[in-house]
Amino acid sequence: MLERAFAGGVDQLISIGSGYGIAGNAAAVRMAESDPRIFAAVGVHPHEASELDDPSRERIRGWLSHERVVALGECGLDYHYMNAPRETQRTVFAEQIGLARELDMPVSIHVRGDDPNAYDELLDIWIAEGKGDLEGVLHCYTGTLEFAKRAMNEGFMVSFSGIVTFKGSQELRDVARGIPLDRLMVETDAPFLAPQGHRGKRNEPLWVSVVGEILAELHDCPVDVLAEKTSNNTRRLFRLPS
Ligand SMILES: [Zn+2]
């Protein structure tokens, strides 16, 4: 899968460690150690917020100080699946924003909730704990343009996944059209959300180009320009070598 990605024009990739139980972060760090083109993000996903305890806090700090770990994340609030109580999600998210600030690291944010409060509460915590010092990305964005604008004012980039390519995602395409090129990022969110043309399969990094092609069309710009802009945005935010 990695060979296909590198052969297909993916120069660098970030493996997200969170979301598989806190101990699962170790796998992303190992992957980043295996190849200079791979980096890792480490954090506590809202789904696993109830797992956080003192030993796992220590492990997270250790991973975040690893030279191949470029971001804290995914962290955030998920009021859709509600795998952890809201109060726990908020506390654990706030703690991680404080940690990102202390360690001066960019943050990858997961936010989801049919209840729009997930978004408002997330931004409130970001502002209160980040104190204007942090930058981050709203990963796999599916919210409104209005919220994205508020978030961009608070230091956020906005990243789109395969969802923006789905036939039924016209509303989200309208949102993506409204995000300026200097704030736009692309991702796969692999192994989830394989883009149109590959739906139902395990998603993989190679197919990030399908997301980029749609965004280029929406912004009425050549694909290579979109690719260069979004790659530069990603390198800048995560401080990757060029
Ligand atoms: Zn996510």
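The values are calculated or read from the model by the stated rules, or taken from the named source; none is laboratory data. Values in this document were obtained by computation on a predicted structure and should not be read as measured data. Because the Cβ atoms are built from the backbone with ideal geometry, glycine has one as well, and the counts that use them run over all protein chains shown. Note: areas computed on protein heavy atoms with side chains; ligands, DNA, RNA excluded. Shrake-Rupley method; radii C 1.70, N 1.55, O 1.52, S 1.80 Å.
Some notes on this structure:
- The share of accessible area on the chain that comes from carbon and sulfur is 50 percent, using a 1.4 angstrom probe.
- Label separation (ASP120 vs SER56): 2.9 nm, computed from points 7 Å beyond Cα along the C-beta direction.
- Averaging the sequence gap over all C-alpha pairs within less than 8 Å and six or more residues apart, then dividing by the number of residues, gives the stretch 100-242 a relative contact order of 19 percent.
- Across the chain, C-alpha contacts under 8 Å between residues 6 or more apart give a mean separation that, scaled by the residue count, equals a relative contact order of 14 percent.
- Across the stretch 49-92, Cα pairs under 8 Å and at least six residues apart give a relative contact order of 51 percent.
- Residue among VAL223, VAL186, VAL208 with the largest mean-square fluctuation in a Gaussian network model of the chain, springs linking Cα atoms under 10 Å: VAL223
- Ranked from largest to smallest solvent-accessible area, with a 1.4 Å probe on the protein heavy atoms, ILE125, ILE38 come out as ILE125, ILE38.
- In a DSSP loop and with at most 10 other Cβ atoms within 10 Å, the chymotrypsin sites (Phe, Trp or Tyr not before Pro) in the stretch 8-104 are TYR81.
- Surrounding net charge for HIS66, when Lys and Arg each add one and Asp and Glu each subtract one, Cβ distance under 12 Å: +2
- The heavy atoms of ARG183 offer some 70 square angstrom of accessible surface to a 1.4 angstrom probe.
- Among SER18, SER65, the order of accessible area from largest down is SER65, SER18, computed with a 1.4 Å probe on protein heavy atoms.
- Projected label distance in nm at ASN83 and GLU171, using a 7 Å step from Cα toward the beta-carbon: 2.5 nm
- Mean residue ellipticity, 222 nm, helices only, the chain: the sum of -39500 (n - 2.57) across DSSP H runs of n ≥ 4, divided by residue count and rounded to 500, is -13000 deg cm²/dmol.
- Accessible area per residue, Å², the stretch 1-61 with all protein chains present, probe 1.4 Å: 49 Å²
- Debye-sum result for the chain in log10 I(q)/I(0), which assumes one identical scatterer on each alpha carbon, at q = 0.10 Å⁻¹: -0.43
- Separation of the ALA27 and ALA7 label points, Cα + 7 Å toward Cβ, nm: 2.4 nm
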